[in-house]
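This report concerns only the one structure given below.
The values are calculated or read from the model by the stated rules, or taken from the named source; none is laboratory data. Values in this document were obtained by computation on a predicted structure and should not be read as measured data. Please note: Cβ atoms are built from the backbone with ideal geometry, for glycine as well, and neighbour counts cover all protein chains shown. What goes into the accessible areas is simple: the full protein's heavy atoms, side chains included, and nothing from ligands, DNA or RNA. Shrake-Rupley method; radii C 1.70, N 1.55, O 1.52, S 1.80 Å.
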Protein chains: 2
Amino acid sequence: MIHQDTIVALATAAGSGAIAVIRLSGTEAISIVDAHFKSVVNSKSLINQPTHTIHLGHIVDKTRVIDEVLVSVFKNPNSYTGENVIEISCHGSNYIQQEIIQLFLRNGCRMANAGEFTLRAFLNGKLDLSQAEAVADLIASDNEASHQIAMQQMRGGFSSEIAKLREELLNFASLIELELDFAEEDVEFADRSQFKELVVRITFVLKRLIDSFAVGNVIKNGIPVAIVGEPNVGKSTLLNALLNEERAIVSEIAGTTRDAIEDEISIGGIGFRFIDTAGIRETEDVVETIGIKKTFEKIDQAQVVIYLFDADDFKDQRSVLKVELEKIKNKYPQKPLLVIANKIDKVDDILISKIQTEIPEIKLLSAKTGFGVEQLTNSLLELINTGSLRNNETIVTNSRHYDALLKAFEEVQNVKNGLETGLSGDLLAIDIRQALYHFGEITGEITNDDLLGNIFANFCIGK
Amino acid sequence: MIHQDTIVALATAAGSGAIAVIRLSGTEAISIVDAHFKSVVNSKSLINQPTHTIHLGHIVDKTRVIDEVLVSVFKNPNSYTGENVIEISCHGSNYIQQEIIQLFLRNGCRMANAGEFTLRAFLNGKLDLSQAEAVADLIASDNEASHQIAMQQMRGGFSSEIAKLREELLNFASLIELELDFAEEDVEFADRSQFKELVVRITFVLKRLIDSFAVGNVIKNGIPVAIVGEPNVGKSTLLNALLNEERAIVSEIAGTTRDAIEDEISIGGIGFRFIDTAGIRETEDVVETIGIKKTFEKIDQAQVVIYLFDADDFKDQRSVLKVELEKIKNKYPQKPLLVIANKIDKVDDILISKIQTEIPEIKLLSAKTGFGVEQLTNSLLELINTGSLRNNETIVTNSRHYDALLKAFEEVQNVKNGLETGLSGDLLAIDIRQALYHFGEITGEITNDDLLGNIFANFCIGK
């Protein structure tokens, strides 16, 4: 399916840079640019140039020279979209970018919608839907883990796993439907025991994919870690220590669902979002009480809780600390909790022994000297089940895929039950078709305009 | 001069976009990328690919796939820098950009300095110095006029004009120096009357170029226009009216040398910076007095002054307005002044006649209805001597060029005086050599590391 209209958009980041790239795609992409391009090398038309070649020249609007540019020619079907594509590498001023785009808008192009280049790539069969979605994930990825997952998905790892299951299921569906044509003869083309075996295998794979979403989702969005502790116990020193240890990128991002500032630190290639809290120290102060309420809200949203205290405080605030700790444990029995005594460089061994005796799970830390920081990062990574990531298994990060997998799983269970209860072939076929439908939703064999609209609206313009 | 080391930098604007371009230049550029590139099409090495071709594949670090990219190959000398150049078009996430750059930094590249690609282009003779400077101007240009000037300079318009003068002068210098070799024979190889003619011509051209700087400088930086008027006379409505008329870009930029907010509006392709002032109404209030002082400071910096008043106020504030107007005229007799009566839609014809009689130069305006806006924009453009811009003449915008031209002009005057007073050939030759030196400074025949350092430090990294 080659679209008739030619679209244009800036493909590089907005703003001024050394160069910018403007992309056109569509039947007329090459001829539209050719009409406004004067080569400085030869007089050959761009239309007669081979695909994947680059040409130096000027973009001109009648007599006016807009810029000296490099034009890259990609010919249908050997391009990102599968259509004729031109990429113009121009000087990176906003003014020039706009002048060139405006020129082509006046001369036969229209502005591309968000994600429209990738949508065309999908519609022209260059990518399946889950691969197209991975393009957006790849651009959004900001650490090794999320990048690796998106890359694997873009290269078709996920699609091929789904496609394999789908094909096997489809074979059985065809056999069972064939039986229906010979209903009065009571034949079984589809070997029921082999089929049961397949359904068990599909169930197993689906379950693994569905379970991987818990990991995938947090990896994609960063793992929220609430740090509970009073002021001055060394929360920011701890964050800096983690940062130095890993030489990773720190950014302060405004929490989207809360008013707190979060620090995102990449540890072992995985993004952790550290959420500072006000602590849970009980007072009669109304404002502080509100603070405690907020702290619990943040713990609710966190995947991991760090309870941090100043080792020296264990001398005179021992009972308060233990009460607070019990409170967290009682309220969140399932949530991974790391209890950390900070500033151990300032206290003596007797106190340390005492802390270790009374809080057996304690981790000793000196954020200042770096003692215990490595152990802490290891603990954080252990808490996240990154086994599947390390084993290069397919991980589901997309909630649309997750939903489709859950639905497919449900239908496969119906098939399984049907097989066990000896359900008739015609009813069995309906359940199998339903499961196939949900597989198809993931890779885009089954789709509709609303779904595509939703998916590509999240892309940037120019992609 | 081909540099031995290979440099790498992000060439597109910083930030996340659909794609980003990473550029490498140097002897090893192609082989360094080749070692980390796996084509998806064939197994041919990038080294064996022809220049100006594009290759789809993966950037890999050992077994890890960093991204699917397009690699453009440019072979020495057919590249921007004149060296081997690779441009990698990758997915536009910050993470991927950094991973790819880091990969090459670990494998034989170093980070490019600001402007280093263009510096290499200059050192390798792909551009002269004034053309290289125009590249930075082009990227900074944000309206038609500054873009046109930079484009002309980058395409060599200015250089060729200077080079022509230089060559003619050089011919005479050679002839005069030849005379010195035959000093005892008292010959004149250089025809003195022809030489005088040349010097007059050079003087004329230099003067035009020097004069053009006044226009060039304001066009490059935007023409500052101070709007003097009391609150509520319609200053912001006027700016909006100018804006609508021209459908141009407005941006609020914080004044660099003052604390006021300025509106930049492109009128007829030329950037005007409108500077709001507090007016000059006399009061006994200390704060207002400070305001008046600031208004005069802003008028000092402006190229054009607009005195704006509410036509209706002419009824009861006639004398105040006229006193203010006289004050501006007396203080700035040379500065172009536009006197504008706004809101004429609200007053009757009798009052309008009265204003026109008492202030003959008055321009009538209704910013609200749009009456008089076009006349105002024409007046603004008339005040700027854009004749040379329209005639496509060379305009000097660079203060370094301006300085060199002034010095060359001075030396040429010395030559002229020398010719008139019959100065001996050896002394004449010294002055000519000096003039030639300053011409050479512009195009970069004469240069030094400090100068180059200063020029290219103003470039962005990646250019």
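On association of chains A and B, roughly 3600 Å² of accessible area becomes buried (total for both chains; probe 1.4 Å).
Note on B:E358 and B:N330: with the Förster distance fixed at 22 Å, the Cβ-Cβ geometry gives a FRET efficiency of about 0.80.
Where both bridge residues fall in chain A, DSSP classifies roughly 65% of the beta bridges as antiparallel. Annotation note: GluC sites (Glu not before Pro) in region A:278-351 located in DSSP loop regions with a Cβ neighbour count of at most 10 within 10 Å are A:E284. A simple charge model with +1 on the Cβ of Lys and Arg, -1 on the Cβ of Asp and Glu and nothing else charged puts the dipole of the protein assembly as shown at about 20 debye relative to its Cα centre. Accessible area per residue for region A:225-366 is 50 Å², calculated with a 1.4 Å probe on protein heavy atoms, without ligands, DNA or RNA. Distances between copies of A:N42, taken at a point 7 Å out from Cα along the Cα→Cβ vector and listed shortest first: 1.8 nm. Given a 1.4 Å probe and the protein chains all in place, what does the accessible area of B:R281 round to, in Å² to the nearest 10? Roll a 1.4 Å probe over it and B:R281 shows about 50 Å². For a straight C-alpha distance cut-off of 15 angstrom, the aspartates and glutamates reachable from B:K331 (same-chain residues fewer than eight places away being disregarded) are B:E297, B:D300.
Only Lys, Arg, Asp and Glu carry charge here, each on its Cβ (+1 for the first two, -1 for the last two); on that basis region B:225-366 has a dipole of about 400 debye about its Cα centre.
Only protein chains counted, 1.4 angstrom probe. Which residues of region A:70-113 are at least 20 Å² less accessible in the assembly than when their chain is isolated? Relative to the lone chain, where solvent access is computed with a 1.4 Å probe, region A:70-113 loses at least 20 Å² at A:L70, A:F74, A:E87, A:H91, A:S93, A:Y95, A:I96. Within 10 Å of each Cβ in peptide B:17-29, how many partner chain Cβ atoms are there on average? Round it to a whole number, please. Whole-number average of other-chain Cβ neighbours for B:17-29 is 5.
For chain B, the relative contact order works out to 17 percent when only alpha carbon pairs closer than 8 Å and six or more residues apart are counted. What's the carbon and sulfur percent of region B:311-437's accessible surface, probe 1.4 angstrom, rounded to a whole number? Here it works out to 48 percent. Angle of helix B:94-105 to the longest C-alpha principal axis of chain B, folded into 0 to 90 degrees and rounded to 10: 40°. Heavy-atom accessible area with a 1.4 Å probe sorts A:V187, A:V135, largest first, into A:V187, A:V135. Cα-Cα over 25 Å: which of A:K235/A:K329; A:K207/A:K416; A:K126/A:K164; A:K207/A:K363; B:K294/B:K327? Over 25 Å Cα-Cα: A:K207/A:K363. When a 1.4 Å probe is rolled over the protein heavy atoms, the share of accessible surface on region B:165-250 that falls to carbon and sulfur comes to 51 percent.
The DSSP beta bridges internal to region B:225-366 are antiparallel in roughly 40% of cases. Projecting the Cα positions of A:G157, A:L123, A:P77 onto the charge dipole of chain A (unit charges on Cβ atoms of Lys, Arg, Asp and Glu, taken about the Cα centre) puts A:P77 furthest along the positive direction. For region B:6-127, the antiparallel share of DSSP beta bridges with both residues in that region comes to about 90%.
Under 14 Å Cα to Cα from A:K346, which aspartates and glutamates show up? Leave out anything in the same chain fewer than 8 places away. The reachable aspartates and glutamates, counting only those whose Cα sits under 14 Å from A:K346, are A:D310, A:D312, A:D313. Max-minus-min Cα coordinates of the protein assembly as shown on each principal axis give 116, 74, 72 Å, with the largest extent listed first. Derived scalar couplings between HN and Hα for region B:340-348 equal 10, 9, 8, 6, 6, 5, 9, 10, 8 Hz in order, rounded to whole Hz, by the Karplus curve 6.51 cos²θ - 1.76 cosθ + 1.60 (θ = phi - 60°), x for Gly and Pro. The value given for chain A is a Kirkwood hydrodynamic radius of 26.6 Å, derived from the mean inverse Cα-Cα separation. A 1.4 Å probe run over region A:6-127, with the rest of the protein chains in place, finds 34 Å² accessible per residue.
Compared with the dominant principal axis of the Cα atoms in chain B, helix B:144-154 is inclined by about 30°.
Could you work out how far helix A:425-443 tilts from the main Cα principal axis of chain A, as a 0 to 90 degree angle to the nearest 10? Approximately 90 degrees, to the nearest ten.
The amide H of A:F37, built 1.01 Å from its N in the peptide plane, has A:V60 as neighbours under 5 Å, considering only residues 5 or more places off or on other chains.
The mean sequence distance of close C-alpha pairs (under 8 Å, at least 6 residues apart), as a share of the length of region A:1-152, puts its relative contact order at 25 percent. Temperature 10 °C, viscosity 1.306 mPa s: under these conditions the Stokes-Einstein estimate for region A:6-127, based on its Kirkwood radius over C-alpha pairs, is 112 µm² per second.
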